[in-house]
Amino acid sequence: MPAFEKLGVFYLGKKTNPQSGELSPEYLLYESKDLCTHAMCVGMTGSGKTGLCIGLLEEAAIDNIPAIIIDPKGDLGNLLLAFPELRPDDFLPWINTDEARQKGVSAEEFAREQAELWKNGLGEWEQDSERIRLFKQAADFAIYTPGSSAGLPVSIVQSFAAPSAKAMEDLDLLRERIQTTASGLLELLGIKADPLQSREHILLSNVIEHSWMAGKDLDLGELIRMIQTPPVTRIGVFDVESFYPATERFKLSMTLNNLLAAPGFKTWMEGEALDIDRMLYTANGKPRTSIFSIAHLSDSERMFFVTLLLNQVLGWMRAQPGTTSLRALLYMDEVFGFLPPIGEPPSKKPLLTLLKQARAFGLGVVLATQNPVDLDYKGLSNIGTWFIGRLQTERDKERLADGLTSASAQTAGWDVSTLMNTISNLKKRQFLMQNVHAKQPQLFGTRWAMSYLRGPLTRDQIKLLMKERVAEIPPIAPARPVAASHAAAGGRLSTRPQLPPEIRQYVSPAGKPAAGGKVVYHPYLVAGGDVQIFNNTYGVAQSEQLAHALPMEEGGPGLAWEQAFSFSFEPGILSGQAVEGAEYTSMSSEAAKPSTYNRLDQDYENFVFRNYQLLLWKSASTGQLSRPGEAERDFRIRLSQTGHERRDLEMDRLKRQYASKIATLERQLLAARQQVEREEDQYKQKQMDTAISAGSSLLGMLLGGKKGLKGGVTQAARSATRMSKEKQDVERAQEKAAQLEARLQELQAQLQRDVEKISGQFDPMLETLQQIVLRPKKSDILQRWYGILWVPFLHRDDGTRESLVAQIG
């Protein structure tokens with residue numbers, strides 16, 4: 001295993017000598033947990049910024065860190081162009097044919113040149129096919145194209161869903177999300193709205209807040225209807241009609257409806273839901289690198305989507321437990337315009353919130369830009385690592401130099417002039433890294449990217465990469481099979497069917513039905529209660545509320561609980577009043593019999609006893625047990641994060657354990673090398689003295705006769721003895737230095753072996769989990785209610801229908 005392949009560190013390149021500008025053999029290894037304090041990469045076109053950022057994302061994938069990537073230019077799709085075999089045929093579909101024509105070579109020849117270039121480039125940085133293969137296997141890679149079918153389409157339908165209960169706890173942040181959602185939507189409509197002055201913005205914010213506070217999800221169709229008929233009567237001290245007359249509200253709803261009805265907008269409603277958890281991990285818990293390519297969108301569409309995405313990331317983040325280890329990455333290329341120093345675009349607030357708060361949840365935010373002066377200083381002050389490449393203007397250089405000297409660089413002897421000089425002399429693929437966790441800035445050259453950097457991908461190339469994945473996308477919000485299949489079965493009655501008095505009946509509240517349809521009640525047999533499981537062996541004391549509904553209308557699926565579906569029970573669902581003038585579907589004759597009603601009542605407890613089970617997962621390596629209701633995928637993800645935290649902790653302990661030993665050996669080795677230098681100097685000096693002495697002796701012998709000859713011989717013998725002693729001193733010093741160097745290398749090798757040993761301990765994706773099934777006793781099944789529930793549906797004039805009760809239908 002290469003020396004740079006270490007746990008929790010990213011191999012970004014090699015350190016550079018600031019004086020000579022030459023690469024040193026020492027690797028630039030960046031600790032992944034340092035990204036919890038975020039990073040900024042700045043550099044002009046041609047600086048190597050894209051290569052550095054792609055390298056960082058490659059390292060994150062290898063380290064099992066999932067990533068959400070916002071790609072305004074289309075460059076980041078290059079992450080999918082990694083070819084372990086490095087064959088020319090692998091490169092051929094992705095080369096830039098214009099470059100081949102300019103060079104006067106065929107596409108095939110150019111592909112061969114590119115394959116050879118990549119093979120040699122990777123080799124120079126000690127990377128090989130095996131590492132590319134490791135990178136490709138470490139994560140699931142996908143390119144999403146919102147508003148387009150070129151890549152994987154992504155649906156924004158769930159982006160207007162009510163936030164989680166956790167997110168609702170912080171009212172300030174909830175209102176911030178409401179404000180940015182309204183701003184993003186109005187931006188898409190071409191309306192530049194001031195949240196404090198715009199009637200459109202204030203109305204939309206009130207409508208969204210009213211629905212979300214009631215726990216009700218929204219979609220664009222419902223939003224259009226609520227603009228026409230607002231759910232609130234007053235806005236501020238004015239009634240709705242005075243604040244925003246119906247005729248003008250109609251214009252706004254028509255503008256939004258035109259957007260929704262436009263053929264091109266259909267792709268915004270199709271595809272995979274914008275669910276951040278699903279974007280970060282596959283169904284079996286494998287980390288994902290999800291790239292959102294938005295190069296094809298207009299400026300207003302980009303702002304709308306980025307705002308929705310950032311709000312979804314914030315919602316996901318708040319549902320995570322705190323950690324000091326890196327959990328996931330959010331990377332945004334070319335952030336210009338989304339976080340400006342002046343102005344309040346919808347994306348600015350969620351970005352600032354992420355930069356301020358994401359570190360506590362292990363979410364690292366990495367931004368890239370060409371012009372640092374175009375970014376808000378409040379956001380920049382929350383960034384812990386800066387990667388600075390070649391810059392275009394002196395203004396950019398001065399601002400960065402001033403900012404960096406106010407941090408640790410100043411105490412490390414880096415002043416403004418030194419930094420200005422260093423930044424001004426940066427070459428292509430050379431960067432200055434300022435990390436608040438390091439003692440001083442570090443100059444380095446970036447390693448060769450494993451991914452083929454062909455530049456922005458075309459729509460056809462994205463389509464080619466994703467063609468096999470498009471067919472795998474699950475449909476969004478499928479209708480419930482039971483309710484949908486039989487909703488229209490049987491005839492309609494103007495009055496509720498007469499049932500025997502011993503059959504208890506309930507009516508669900510219909511709310512305020514929209515115009516353009518008829519309210520029709522459908523009968524369901526509903527039952528529910530609590531089921532409890534107690535198990536001392538696994539420390540489980542779990543109580544769960546159950547509720548099941550069985551369609552009872554004529555032509556229904558059958559009168560057995562196995563045909564029922566479960567739903568989320570709320571007490572208010574049983575306490576409604578029938579809407580005046582509503583109609584009812586007829587029940588099957590068998591369903592209306594008291595004997596059937598009694599039989600199903602008795603069967604319900606047995607049905608729950610047969611079918612209810614609490615499935616738990618246990619990790620043999622850690623002894624951890626999944627939480628009740630936690631899926632295997634989510635448990636593995638939690639184990640993975642726990643593993644990262646334990647790994648970082650063990651790594652810190654390991655470093656502390658070896659640090660003093662390594663430091664002692666390094667001091668001894670330094671002293672030994674200095675001793676070698678002194679002994680060698682003395683030896684050289686003695687050689688010179690001996691040569692001079694020999695010359696003097698020779699002259700004495702020539703001029704002094706026998707006496708001079710005898711003295712010369714004696715002095716030469718003494719010099720030879722001293723020379724031999726000095727040479728022995730040099731050899732002893734060299735031997736001691738060599739022994740110390742060998743001990744240091746062995747200690748470092750032992751450290752690496754211990755690191756690799758830790759690596760094998762924390763990989764829950766490879767572990768076979770033990771499945772534990774717990775079932776309730778019959779005495780722990782407590783049925784609390786039972787009866788016929790009449791559920792209102794809106795039957796529209798166009799033949800479509802929808803349930804007016806969110807939990808059923």
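Values as computed for the structure displayed
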| item | result |
| --- | --- |
| log10 of Debye I(q)/I(0), alpha-carbon scatterers only, for segment 102-153 at 0.13, 0.18, 0.21, 0.28 Å⁻¹ | -0.60, -0.84, -0.85, -0.95 |
| Inter-probe distance in nm under a simple model that places probes 7 Å from Cα toward Cβ, at residue 352 and residue 646 | 4.1 |
| Under the Debye formula (equal points on every Cα, no solvent term), log10 I(q)/I(0) of segment 312-398 at q = 0.20 Å⁻¹ | -0.97 |
| Rounded percent of accessible protein surface that carbon and sulfur make up, the chain, 1.4 Å probe | 51 |
| Reach of residue 14 by Cα under 16 Å, taken over lysines that are not fewer than 8 positions away in the same chain | 6, 49, 427, 428 |
| Estimated inter-spin distance, residue 682 and residue 258, nm [label 7 Å along Cα→Cβ] | 9.4 |
| Residues residue 126 and residue 417, FRET efficiency given R0 of 51 Å [Cβ-Cβ distance, rounded to 0.05] | 0.90 |
| Label zone at residue 108 (point 7 Å along Cα-to-Cβ), backbone N below 18 Å, segment 49-91 | 87-91 |
| Antiparallel %, DSSP beta bridges [both residues in segment 283-440], to 5 | 45 |
| Mean Cα-pair separation over length for segment 255-386, i.e. relative contact order, pairs under 8 Å, 6 or more apart, % | 23 |
| Ordering of 96-103, 382-389 by packing [mean C-beta count within 10 Å, highest first] | 382-389, 96-103 |
| For the chain, share of DSSP beta bridges that run antiparallel, in % to the nearest 5 | 65 |
| Length-normalised contact order for segment 117-211 - Cα pairs under 8 Å, 6+ apart - percent | 13 |
| Segment 206-312, Cα convex hull volume normalised per residue, Å³ | 134 |
| Relative packing of peptides 580-590, 24-34 - highest average C-beta neighbours within 10 Å first | 24-34, 580-590 |
| Amide hydrogen neighbours beyond the local backbone of residue 789, cut-off 5 Å, H modeled | 506, 524, 525, 526 |
| Candidate residues 336, 361, 10: accessible-area rank, largest first, probe 1.4 Å | 336, 361, 10 |
| FRET efficiency estimate (nearest 0.05) - Cβ-Cβ, residue 219 to residue 458, R0 25 angstrom | 0.15 |
| Distance in nm between pseudo-label sites at residue 632 and residue 670 (7 Å out along the Cβ direction from Cα) | 5.4 |
| Label zone at residue 589 (point 7 Å along Cα-to-Cβ), backbone N below 14 Å, segment 518-556 | 554-555 |
| Per-pair calculated FRET efficiency, R0 = 45 Å: residue 506 and residue 233 via Cβ, rounded to 0.05 | 0.90 |
| Contour excess over end-to-end distance, with Cα ends at residue 735 and residue 265 and 0.36 nm allotted per residue | 161.6 nm |
| Solvent-accessible area per residue for segment 51-124 (1.4 angstrom probe, square angstrom) | 38 |
| Length added when fully stretched, residue 807-residue 284, from 0.36 nm per residue minus Cα-Cα | 185.5 nm |
| Contact order relative to length of segment 572-691, as percent, for alpha carbon pairs under 8 angstrom and 6 or more apart | 9 |
| Order by protection proxy (mean Cβ within 10 Å, highest first), peptides 270-278, 676-684, 68-76 | 68-76, 270-278, 676-684 |
| Within-13-Å neighbourhood charge of residue 355 [Cβ basis; K, R +1; D, E -1] | +4 |
| Low-density loop cleavage sites - trypsin sites (Lys or Arg not before Pro) in segment 193-259, where at most 15 other Cβ are within 10 Å (DSSP) | 216 |
| Partner aspartates and glutamates for residue 727 [C-alpha distance under 17 Å; skip if fewer than 8 residues away on the same chain] | 677, 679, 680, 681, 689, 735 |
| Of (1) 27.8; (2) 32.0; (3) 30.0, the label for Kirkwood radius over Cα pairs in Å derived from the coordinates | (2) |
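The values are calculated or read from the model by the stated rules, or taken from the named source; none is laboratory data. If you're wondering where the values come from, they're calculated on a predicted model, not measured in any experiment. Note that each Cβ is placed from the backbone with ideal geometry, even for glycine, and that neighbours are counted across all protein chains shown. Heads up: the accessible areas ignore ligands, DNA and RNA and are worked out on the full protein's heavy atoms, side chains in. Shrake-Rupley method; radii C 1.70, N 1.55, O 1.52, S 1.80 Å.
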